[in-house]
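> After the C-alpha coordinates below, expect a handful of questions from me.
The values are calculated or read from the model by the stated rules, or taken from the named source; none is laboratory data. Predicted model, so just to flag it, every value in this text is computed and none were measured. Note that we place each Cβ from the backbone using ideal geometry, even for glycine, and neighbour counts take in every protein chain shown. Each accessible area value is taken on the protein alone, full model and side chains, heavy atoms only, with ligands, DNA and RNA left out. Shrake-Rupley method; radii C 1.70, N 1.55, O 1.52, S 1.80 Å.
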Amino acid sequence: AAAWVRGRMSTSQRWWERRGLMRDTARAATLALLASAALLPVWVVFGGRIGTDARGAVLDAAARVDAVGTRHDSSSDARDSFDVSGVLEVNPEAYRGGMEGSVARRRLTQSQDAEPREIDDYHYVFSADCKPYMDWQSVALYRSWQNVGSPGMITRLLSCDEHTLASYRYLDLMPTHVTPSYGDIDPADSYAAYNLPGSMLHFMEHAKDALATKWIVKLDADMILRKPLTVTQGGLTAGPGVVAAGFYGYLEGVDNEMAAMFVEDAEIRSRLARVGGWEIFHAPDLARAAPLWFEYTKKVRTDKRVWWPFKGTGDVFITEANPKPWISEMYGYVFGSAVAGLRHNVVHSCQLYGGMAPWDDESFDPFLVHYGILIEIPDESVGLGKKKNRVGMGQAPRAARRELRAR
(Lines give C-alpha, C1' and ligand atoms only; values in the text may rest on other atoms or scores of the structure.)
Protein backbone atom coordinates (compact mmCIF):
# COMPACT_ATOMS: atom_id res chain seq x y z
CA ALA A 1 0.00 0.00 0.00
CA ALA A 2 2.85 2.36 0.88
CA ALA A 3 4.53 1.67 -2.47
CA TRP A 4 1.27 2.35 -4.28
CA VAL A 5 0.87 5.69 -2.47
CA ARG A 6 4.48 6.70 -3.26
CA GLY A 7 3.89 5.82 -6.92
CA ARG A 8 0.71 7.89 -7.08
CA MET A 9 2.47 10.82 -5.38
CA SER A 10 5.37 10.68 -7.82
CA THR A 11 3.06 10.56 -10.85
CA SER A 12 0.84 13.36 -9.55
CA GLN A 13 3.82 15.52 -8.54
CA ARG A 14 5.35 15.27 -12.01
CA TRP A 15 1.97 16.21 -13.51
CA TRP A 16 1.85 19.39 -11.41
CA GLU A 17 5.51 20.25 -12.17
CA ARG A 18 4.91 19.95 -15.92
CA ARG A 19 2.25 22.63 -15.47
CA GLY A 20 4.72 25.11 -14.00
CA LEU A 21 4.42 24.55 -10.26
CA MET A 22 7.55 24.59 -8.09
CA ARG A 23 8.54 21.22 -6.60
CA ASP A 24 7.42 22.06 -3.05
CA THR A 25 4.11 23.52 -4.28
CA ALA A 26 3.50 20.49 -6.49
CA ARG A 27 4.16 18.18 -3.55
CA ALA A 28 1.71 20.10 -1.34
CA ALA A 29 -0.98 20.00 -4.06
CA THR A 30 -0.45 16.25 -4.44
CA LEU A 31 -0.81 15.65 -0.71
CA ALA A 32 -4.02 17.73 -0.59
CA LEU A 33 -5.49 15.76 -3.50
CA LEU A 34 -4.69 12.38 -1.92
CA ALA A 35 -6.06 13.51 1.44
CA SER A 36 -9.33 14.59 -0.19
CA ALA A 37 -9.63 11.23 -1.92
CA ALA A 38 -9.01 9.39 1.34
CA LEU A 39 -11.71 11.41 3.12
CA LEU A 40 -14.29 10.97 0.35
CA PRO A 41 -16.07 8.02 2.05
CA VAL A 42 -16.41 10.07 5.23
CA TRP A 43 -18.02 12.94 3.31
CA VAL A 44 -20.37 10.52 1.55
CA VAL A 45 -21.52 8.93 4.82
CA PHE A 46 -21.88 12.08 6.90
CA GLY A 47 -22.70 14.51 4.11
CA GLY A 48 -25.90 12.63 3.37
CA ARG A 49 -26.96 13.10 6.97
CA ILE A 50 -25.95 16.71 7.32
CA GLY A 51 -26.98 17.84 3.83
CA THR A 52 -25.86 20.99 2.12
CA ASP A 53 -27.58 23.43 4.42
CA ALA A 54 -27.03 22.38 8.02
CA ARG A 55 -28.37 25.36 9.89
CA GLY A 56 -28.46 23.98 13.41
CA ALA A 57 -31.97 22.57 13.17
CA VAL A 58 -33.00 19.13 14.44
CA LEU A 59 -36.31 17.53 13.59
CA ASP A 60 -37.76 16.36 16.88
CA ALA A 61 -40.38 13.78 15.88
CA ALA A 62 -41.41 10.23 15.19
CA ALA A 63 -40.18 9.85 11.65
CA ARG A 64 -42.39 6.98 10.55
CA VAL A 65 -44.85 6.11 13.28
CA ASP A 66 -48.60 5.90 13.29
CA ALA A 67 -49.11 8.96 15.52
CA VAL A 68 -52.68 9.57 14.38
CA GLY A 69 -55.16 6.86 15.23
CA THR A 70 -57.15 7.18 12.01
CA ARG A 71 -54.15 6.77 9.67
CA HIS A 72 -53.79 3.56 7.68
CA ASP A 73 -50.52 1.63 7.59
CA SER A 74 -50.98 1.32 3.83
CA SER A 75 -49.74 4.87 3.44
CA SER A 76 -46.32 4.07 4.90
CA ASP A 77 -44.77 3.15 1.55
CA ALA A 78 -45.67 6.54 0.09
CA ARG A 79 -44.36 8.33 3.16
CA ASP A 80 -41.11 6.37 3.10
CA SER A 81 -40.58 7.25 -0.57
CA PHE A 82 -40.62 10.95 0.27
CA ASP A 83 -36.94 11.56 0.93
CA VAL A 84 -36.23 14.18 3.56
CA SER A 85 -32.61 13.15 4.08
CA GLY A 86 -30.17 16.02 3.85
CA VAL A 87 -32.87 18.45 4.97
CA LEU A 88 -33.01 17.98 8.71
CA GLU A 89 -31.70 15.38 11.11
CA VAL A 90 -34.38 13.07 12.44
CA ASN A 91 -34.58 12.47 16.16
CA PRO A 92 -37.20 9.73 16.81
CA GLU A 93 -39.17 11.32 19.61
CA ALA A 94 -42.90 11.94 19.44
CA TYR A 95 -45.77 12.98 21.60
CA ARG A 96 -49.51 13.20 21.27
CA GLY A 97 -52.07 15.53 22.67
CA GLY A 98 -55.64 16.75 22.56
CA MET A 99 -58.67 15.92 20.45
CA GLU A 100 -58.80 12.26 21.53
CA GLY A 101 -55.43 11.38 20.06
CA SER A 102 -56.05 12.98 16.67
CA VAL A 103 -53.31 15.58 17.09
CA ALA A 104 -49.82 14.86 15.77
CA ARG A 105 -47.06 17.41 16.24
CA ARG A 106 -43.51 17.66 15.03
CA ARG A 107 -41.25 20.26 16.57
CA LEU A 108 -38.26 21.94 15.03
CA THR A 109 -35.74 22.88 17.68
CA GLN A 110 -32.37 24.53 17.52
CA SER A 111 -29.48 22.11 18.03
CA GLN A 112 -27.71 22.40 21.35
CA ASP A 113 -24.39 23.55 19.92
CA ALA A 114 -25.86 26.47 17.96
CA GLU A 115 -25.61 30.02 19.24
CA PRO A 116 -28.99 31.60 20.14
CA ARG A 117 -30.15 34.09 17.53
CA GLU A 118 -32.87 36.70 17.69
CA ILE A 119 -34.48 35.19 14.58
CA ASP A 120 -34.78 31.82 16.35
CA ASP A 121 -37.35 33.21 18.78
CA TYR A 122 -40.06 33.01 16.09
CA HIS A 123 -42.58 30.26 15.39
CA TYR A 124 -43.90 30.37 11.80
CA VAL A 125 -47.37 28.88 11.31
CA PHE A 126 -49.62 28.54 8.28
CA SER A 127 -52.90 26.85 7.48
CA ALA A 128 -53.33 24.06 4.92
CA ASP A 129 -55.58 21.11 4.15
CA CYS A 130 -55.03 17.65 2.69
CA LYS A 131 -55.55 18.57 -0.96
CA PRO A 132 -52.70 18.53 -3.53
CA TYR A 133 -53.36 22.23 -4.10
CA MET A 134 -52.09 22.86 -0.58
CA ASP A 135 -49.37 20.20 -0.61
CA TRP A 136 -47.21 21.89 -3.22
CA GLN A 137 -47.71 25.28 -1.63
CA SER A 138 -46.66 23.84 1.74
CA VAL A 139 -43.51 22.31 0.24
CA ALA A 140 -42.54 25.57 -1.46
CA LEU A 141 -43.03 27.61 1.73
CA TYR A 142 -41.21 25.05 3.88
CA ARG A 143 -38.23 24.92 1.52
CA SER A 144 -38.04 28.70 1.43
CA TRP A 145 -38.05 28.75 5.24
CA GLN A 146 -35.10 26.35 5.23
CA ASN A 147 -33.26 28.35 2.57
CA VAL A 148 -33.35 31.58 4.59
CA GLY A 149 -31.56 29.91 7.50
CA SER A 150 -34.16 27.83 9.36
CA PRO A 151 -35.06 30.54 11.88
CA GLY A 152 -36.81 29.27 14.98
CA MET A 153 -39.67 26.86 14.36
CA ILE A 154 -42.27 26.21 11.67
CA THR A 155 -45.56 24.32 11.84
CA ARG A 156 -48.11 23.49 9.17
CA LEU A 157 -51.63 23.56 10.62
CA LEU A 158 -53.24 20.71 8.68
CA SER A 159 -57.05 20.68 8.72
CA CYS A 160 -58.47 17.36 7.49
CA ASP A 161 -61.49 15.21 8.21
CA GLU A 162 -60.68 11.78 9.63
CA HIS A 163 -61.59 9.91 6.44
CA THR A 164 -59.22 11.99 4.30
CA LEU A 165 -56.49 11.95 6.92
CA ALA A 166 -56.57 8.15 7.05
CA SER A 167 -55.18 7.89 3.51
CA TYR A 168 -53.21 11.13 3.38
CA ARG A 169 -49.67 10.45 2.14
CA TYR A 170 -47.83 13.57 3.26
CA LEU A 171 -48.33 13.85 7.00
CA ASP A 172 -44.56 13.66 7.46
CA LEU A 173 -43.88 16.29 4.82
CA MET A 174 -42.84 18.86 7.44
CA PRO A 175 -43.54 19.78 11.09
CA THR A 176 -47.31 19.44 11.31
CA HIS A 177 -50.11 20.02 13.80
CA VAL A 178 -53.27 18.15 12.78
CA THR A 179 -56.63 19.79 13.44
CA PRO A 180 -60.21 18.91 12.55
CA SER A 181 -61.60 20.23 9.29
CA TYR A 182 -63.65 23.37 9.82
CA GLY A 183 -64.70 24.06 6.24
CA ASP A 184 -68.09 22.40 6.65
CA ILE A 185 -69.07 23.47 10.15
CA ASP A 186 -72.04 25.22 8.57
CA PRO A 187 -74.05 22.52 6.74
CA ALA A 188 -75.50 25.19 4.46
CA ASP A 189 -72.16 26.77 3.54
CA SER A 190 -68.93 25.04 2.62
CA TYR A 191 -66.30 27.68 3.38
CA ALA A 192 -62.71 26.44 3.37
CA ALA A 193 -61.41 29.68 4.92
CA TYR A 194 -62.93 28.65 8.27
CA ASN A 195 -59.89 26.39 8.50
CA LEU A 196 -57.56 29.32 9.11
CA PRO A 197 -59.05 30.75 12.33
CA GLY A 198 -60.22 27.31 13.40
CA SER A 199 -56.77 25.77 13.09
CA MET A 200 -55.13 28.77 14.78
CA LEU A 201 -57.47 28.41 17.74
CA HIS A 202 -56.87 24.66 17.90
CA PHE A 203 -53.11 25.17 17.75
CA MET A 204 -53.08 27.72 20.55
CA GLU A 205 -55.28 25.52 22.75
CA HIS A 206 -53.66 22.12 22.11
CA ALA A 207 -50.06 22.48 20.91
CA LYS A 208 -47.63 22.07 23.79
CA ASP A 209 -45.15 24.54 22.32
CA ALA A 210 -47.60 27.17 21.06
CA LEU A 211 -46.12 29.65 23.54
CA ALA A 212 -42.55 28.32 23.40
CA THR A 213 -41.27 31.31 21.43
CA LYS A 214 -41.68 35.02 22.03
CA TRP A 215 -43.13 35.65 18.58
CA ILE A 216 -45.56 33.82 16.30
CA VAL A 217 -45.48 34.61 12.58
CA LYS A 218 -48.64 33.75 10.70
CA LEU A 219 -48.22 33.30 6.94
CA ASP A 220 -50.41 32.19 4.06
CA ALA A 221 -49.47 28.93 2.36
CA ASP A 222 -49.01 30.70 -0.99
CA MET A 223 -46.03 32.72 0.24
CA ILE A 224 -42.28 32.34 -0.21
CA LEU A 225 -39.82 33.59 2.40
CA ARG A 226 -36.85 35.55 1.06
CA LYS A 227 -35.32 36.39 4.44
CA PRO A 228 -36.26 35.76 8.07
CA LEU A 229 -38.91 38.04 9.51
CA THR A 230 -37.76 39.95 12.56
CA VAL A 231 -39.22 42.80 14.58
CA THR A 232 -35.79 44.45 14.58
CA GLN A 233 -35.62 45.19 10.84
CA GLY A 234 -37.66 46.49 7.94
CA GLY A 235 -40.12 48.42 10.06
CA LEU A 236 -41.75 45.19 11.30
CA THR A 237 -41.98 46.55 14.83
CA ALA A 238 -44.27 44.62 17.16
CA GLY A 239 -44.72 44.07 20.87
CA PRO A 240 -47.28 43.18 23.52
CA GLY A 241 -50.60 44.50 22.23
CA VAL A 242 -49.13 45.57 18.86
CA VAL A 243 -49.13 43.26 15.83
CA ALA A 244 -46.99 43.87 12.75
CA ALA A 245 -49.13 43.10 9.68
CA GLY A 246 -49.41 43.65 5.95
CA PHE A 247 -51.57 46.37 4.43
CA TYR A 248 -54.63 45.17 2.49
CA GLY A 249 -56.29 48.22 1.03
CA TYR A 250 -59.33 46.45 -0.37
CA LEU A 251 -60.75 45.85 3.13
CA GLU A 252 -63.06 48.82 2.68
CA GLY A 253 -65.42 47.66 5.44
CA VAL A 254 -62.92 48.84 8.02
CA ASP A 255 -63.74 52.46 7.18
CA ASN A 256 -67.39 52.41 6.13
CA GLU A 257 -70.75 51.47 7.61
CA MET A 258 -69.79 47.79 7.75
CA ALA A 259 -67.49 48.31 10.75
CA ALA A 260 -70.34 49.48 13.00
CA MET A 261 -72.41 46.44 12.00
CA PHE A 262 -69.99 44.21 13.89
CA VAL A 263 -68.16 46.51 16.31
CA GLU A 264 -70.49 48.89 18.12
CA ASP A 265 -67.95 50.44 20.47
CA ALA A 266 -66.27 53.46 18.87
CA GLU A 267 -63.11 53.02 20.90
CA ILE A 268 -62.72 49.46 19.62
CA ARG A 269 -63.38 50.63 16.07
CA SER A 270 -60.47 53.02 16.43
CA ARG A 271 -58.22 49.94 16.57
CA LEU A 272 -59.43 48.52 13.25
CA ALA A 273 -56.89 48.35 10.44
CA ARG A 274 -56.84 47.12 6.85
CA VAL A 275 -54.43 44.27 7.45
CA GLY A 276 -54.04 40.61 6.59
CA GLY A 277 -51.90 38.03 4.81
CA TRP A 278 -49.05 37.93 7.32
CA GLU A 279 -48.76 38.97 10.93
CA ILE A 280 -46.14 38.91 13.68
CA PHE A 281 -47.74 38.39 17.09
CA HIS A 282 -46.35 38.57 20.56
CA ALA A 283 -47.32 34.97 21.30
CA PRO A 284 -49.77 35.61 24.20
CA ASP A 285 -51.62 38.11 21.98
CA LEU A 286 -52.47 35.41 19.45
CA ALA A 287 -53.73 33.19 22.25
CA ARG A 288 -56.06 36.01 23.28
CA ALA A 289 -57.19 36.89 19.75
CA ALA A 290 -57.67 33.42 18.26
CA PRO A 291 -61.13 32.68 19.76
CA LEU A 292 -62.45 36.07 18.66
CA TRP A 293 -60.92 35.71 15.19
CA PHE A 294 -62.93 32.50 14.70
CA GLU A 295 -66.07 33.96 16.28
CA TYR A 296 -66.12 37.08 14.12
CA THR A 297 -65.33 35.12 10.97
CA LYS A 298 -68.56 33.19 11.51
CA LYS A 299 -70.44 36.40 12.26
CA VAL A 300 -69.35 38.12 9.05
CA ARG A 301 -69.83 35.06 6.87
CA THR A 302 -73.40 34.47 8.06
CA ASP A 303 -74.63 38.09 8.23
CA LYS A 304 -76.89 38.75 5.25
CA ARG A 305 -76.37 42.50 5.58
CA VAL A 306 -72.95 42.15 3.93
CA TRP A 307 -74.03 39.69 1.24
CA TRP A 308 -74.65 40.68 -2.37
CA PRO A 309 -75.72 43.30 -3.41
CA PHE A 310 -73.88 45.06 -0.56
CA LYS A 311 -70.70 46.56 -2.04
CA GLY A 312 -68.99 47.77 1.10
CA THR A 313 -66.79 44.73 1.75
CA GLY A 314 -64.39 45.45 -1.11
CA ASP A 315 -64.78 41.84 -2.29
CA VAL A 316 -65.04 42.11 -6.08
CA PHE A 317 -65.99 38.45 -6.45
CA ILE A 318 -69.39 38.74 -4.77
CA THR A 319 -72.22 37.96 -7.18
CA GLU A 320 -75.90 37.13 -6.91
CA ALA A 321 -75.01 33.46 -7.41
CA ASN A 322 -72.20 33.66 -4.82
CA PRO A 323 -73.42 36.35 -2.44
CA LYS A 324 -71.19 35.74 0.59
CA PRO A 325 -67.84 37.55 0.81
CA TRP A 326 -64.91 35.19 0.48
CA ILE A 327 -62.85 37.57 2.59
CA SER A 328 -65.13 37.07 5.61
CA GLU A 329 -62.18 35.43 7.39
CA MET A 330 -60.04 38.55 6.86
CA TYR A 331 -62.74 40.70 8.43
CA GLY A 332 -63.08 38.12 11.20
CA TYR A 333 -59.43 38.70 12.04
CA VAL A 334 -59.65 42.51 11.82
CA PHE A 335 -62.75 42.73 14.02
CA GLY A 336 -61.74 39.93 16.41
CA SER A 337 -58.24 41.24 17.05
CA ALA A 338 -59.57 44.73 17.74
CA VAL A 339 -62.07 43.35 20.25
CA ALA A 340 -59.17 41.44 21.81
CA GLY A 341 -57.48 44.80 22.41
CA LEU A 342 -54.79 44.57 19.73
CA ARG A 343 -53.50 47.37 17.54
CA HIS A 344 -51.46 47.04 14.36
CA ASN A 345 -48.26 48.36 12.93
CA VAL A 346 -49.40 48.46 9.29
CA VAL A 347 -46.50 47.61 6.96
CA HIS A 348 -46.76 48.30 3.24
CA SER A 349 -43.56 46.81 1.84
CA CYS A 350 -42.88 43.53 3.63
CA GLN A 351 -44.32 41.44 0.82
CA LEU A 352 -44.42 41.71 -2.95
CA TYR A 353 -47.05 39.96 -5.03
CA GLY A 354 -45.64 37.90 -7.90
CA GLY A 355 -45.90 39.87 -11.14
CA MET A 356 -46.08 43.28 -9.44
CA ALA A 357 -43.38 45.92 -9.81
CA PRO A 358 -41.70 47.20 -6.62
CA TRP A 359 -42.86 50.66 -5.55
CA ASP A 360 -40.22 51.72 -3.00
CA ASP A 361 -36.80 50.76 -1.67
CA GLU A 362 -38.18 48.16 0.76
CA SER A 363 -40.34 46.40 -1.83
CA PHE A 364 -37.27 45.95 -4.04
CA ASP A 365 -36.00 43.58 -1.35
CA PRO A 366 -39.16 42.17 0.31
CA PHE A 367 -39.25 39.64 3.10
CA LEU A 368 -42.01 37.71 1.34
CA VAL A 369 -43.22 36.93 -2.15
CA HIS A 370 -46.96 36.26 -2.29
CA TYR A 371 -48.22 34.46 -5.40
CA GLY A 372 -51.92 34.76 -4.65
CA ILE A 373 -52.78 36.51 -7.93
CA LEU A 374 -52.63 35.38 -11.54
CA ILE A 375 -49.38 36.12 -13.35
CA GLU A 376 -48.18 35.25 -16.81
CA ILE A 377 -44.65 34.04 -17.56
CA PRO A 378 -43.33 34.07 -21.15
CA ASP A 379 -42.23 30.63 -22.32
CA GLU A 380 -38.75 31.26 -23.73
CA SER A 381 -38.59 27.81 -25.31
CA VAL A 382 -41.03 28.95 -28.02
CA GLY A 383 -39.85 32.54 -28.29
CA LEU A 384 -40.52 35.49 -26.07
CA GLY A 385 -44.16 36.50 -26.15
CA LYS A 386 -45.30 33.67 -28.42
CA LYS A 387 -46.61 31.50 -25.63
CA LYS A 388 -47.28 32.17 -21.99
CA ASN A 389 -47.64 29.95 -18.95
CA ARG A 390 -50.43 31.15 -16.71
CA VAL A 391 -49.35 30.70 -13.11
CA GLY A 392 -51.62 31.59 -10.25
CA MET A 393 -53.47 30.08 -7.35
CA GLY A 394 -54.21 26.78 -9.07
CA GLN A 395 -50.88 25.77 -10.60
CA ALA A 396 -47.82 24.43 -8.84
CA PRO A 397 -44.27 25.71 -9.24
CA ARG A 398 -42.26 23.04 -11.02
CA ALA A 399 -39.83 22.42 -8.15
CA ALA A 400 -42.66 21.78 -5.70
CA ARG A 401 -44.41 19.44 -8.16
CA ARG A 402 -41.22 17.44 -8.61
CA GLU A 403 -40.76 17.07 -4.87
CA LEU A 404 -44.28 15.70 -4.42
CA ARG A 405 -43.82 12.95 -7.02
CA ALA A 406 -43.11 10.32 -4.38
CA ARG A 407 -43.95 6.72 -5.21
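> Please give the length that would be gained between residue 250 and residue 265 if that part of the chain were fully extended, namely 0.36 nm times their separation in residues minus their C-alpha to C-alpha distance (nm, one decimal). Present the calculation step by step, with values, prior to reporting the outcome.
Numbers: separation 15, 0.36 × 15 = 5.40 nm, distance 2.29 nm.
My answer for the length gained is 3.1 nm.
> A follow-up question, please. For the peptides 318-324, 250-256, what is the packing order when you average, over each peptide's residues, the other Cβ atoms within 10 Å and list the highest mean first?
Going from most to least packed, we get 250-256, 318-324.
> Probe of 1.4 angstrom, ligands and nucleic acids ignored: what's the accessible area per residue over the stretch 118-372, in square angstrom?
Spelled out: the 1.4 Å probe surface of the stretch 118-372, per residue, equals 37 Å².
> Also, I was wondering about something else. Which order, highest average first, do 361-369, 289-297 follow once you tally other Cβ atoms within 10 Å for each residue and take the mean per peptide?
My ranking of the peptides, most packed first, is 289-297, 361-369.
> Two decimals is fine: what's Rg over Rh for the stretch 157-304, C-alpha atoms, Kirkwood radius as Rh? Walk me through the numbers before you get to the answer.
On the way: Rg = 16.7 Å, Rh = 17.2 Å.
Rg/Rh for the stretch 157-304 comes to 0.97.
> Over the stretch 118-372, what is the percentage of antiparallel beta bridges among all DSSP beta bridges, to the nearest 5?
Bridges in the stretch 118-372 that DSSP calls antiparallel: roughly 35 percent.
> Summarise the accessible area of the stretch 118-372 (1.4 Å probe, protein heavy atoms) by the percent that is carbon and sulfur.
55
> Could I ask something else about it? Could you pull the Cα extents of the stretch 220-260 along its three principal axes, largest to smallest, in whole Å?
Each principal axis gives a Cα extent; for the stretch 220-260 these are 38, 27, 15 Å.
> Right, here's the next one. What does the extension gain come out to for residue 346 and residue 304, with contour length at 0.36 nm per residue minus their alpha carbon separation?
Taking residue 346 through residue 304 to full extension adds about 12.2 nm, to one decimal.
> Rg (Å, one decimal) plus Dmax (Å, integer) for the alpha carbons of the stretch 118-372?
Values for the stretch 118-372 (Cα only, Rg and Dmax): 17.5, 50 Å.
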